[in-house]
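Some notes on the structure that comes next.
The values are calculated or read from the model by the stated rules, or taken from the named source; none is laboratory data. The structure presented is a predicted model; accordingly, all values stated were derived computationally and were not measured. For neighbour counting, all protein chains shown are included, and Cβ atoms are generated from backbone atoms with ideal geometry for every residue, glycine included.
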Amino acid sequence: MPNQELTHVFRALTDPTRRAVLERLTRGPAAVGELAQPFKMALPSFVQHLGVLEDCGLVRSNKKGRVRTYALAPQPLKAAENWLSAQRLEWERRLDSLDDFLETLKEQKR
């Protein structure tokens, strides 16, 4: 995943409404009205949140008649998870190096 796409995914995840929508979609696809129900906002504002999620690839939509249904598209989340895992490994390596260095200093003072 190119860096810009990853940036869009993390930006989309910063909003609690969008995170709640993603959590709801883990239980299966849902229509816009069902997704919007728990939120106290105008439907056009809510649809903008869905647009952000769809633009970065976290959800996909399907329209049948007058009903638009959204479903989770987990691939961008996997890419974000992979990036975070790589960062965690790098920082664990750095902290282990720091620990080794501090242990060496501690032994030299004895």
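When residue 79 is tested against (1) at pLDDT 90 or above; (2) in a helix (DSSP H, G or I); (3) among the hydrophobic types (A, V, I, L, M, F, W, C), just one condition goes unmet, and that condition is (1).
Taking residue 84 as the residue in question, decide whether it is closer than 18 Å to residue 28 by Cα, in a helix (DSSP H, G or I) and under 18 Å from the mean Cα position of the chain (by Cα). No, not satisfied. Residue under question is residue 102, and the condition is that it be part of a helix (DSSP H, G or I), farther than 20 Å from residue 15 by Cβ and not hydroxyl-bearing (Ser, Thr, Tyr); does it hold? Yes, satisfied. Is at least one residue of region 16-28 at pLDDT 95 or above, not small (Gly, Ala, Ser) and not in a helix (DSSP H, G or I)? Yes, that holds for at least one residue.
Okay, residues lined up against (1) part of a helix (DSSP H, G or I); (2) exposed (fewer than 11 other Cβ atoms within 10 Å of the Cβ):
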{"site": "33", "(1), (2)": "yes, no"}
{"site": "40", "(1), (2)": "no, yes"}
{"site": "53", "(1), (2)": "yes, no"}
{"site": "62", "(1), (2)": "no, yes"}
{"site": "68", "(1), (2)": "no, no"}
{"site": "71", "(1), (2)": "no, no"}
{"site": "90", "(1), (2)": "yes, yes"}
{"site": "96", "(1), (2)": "yes, yes"}
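Against the definition (of a type in the set (Ser, Thr, Tyr) and touching a residue at least 12 places away in the same chain (Cβ under 8 Å)), how does residue 7 come out, yes or no? Taking the combined requirement at face value, the residue does not satisfy it.
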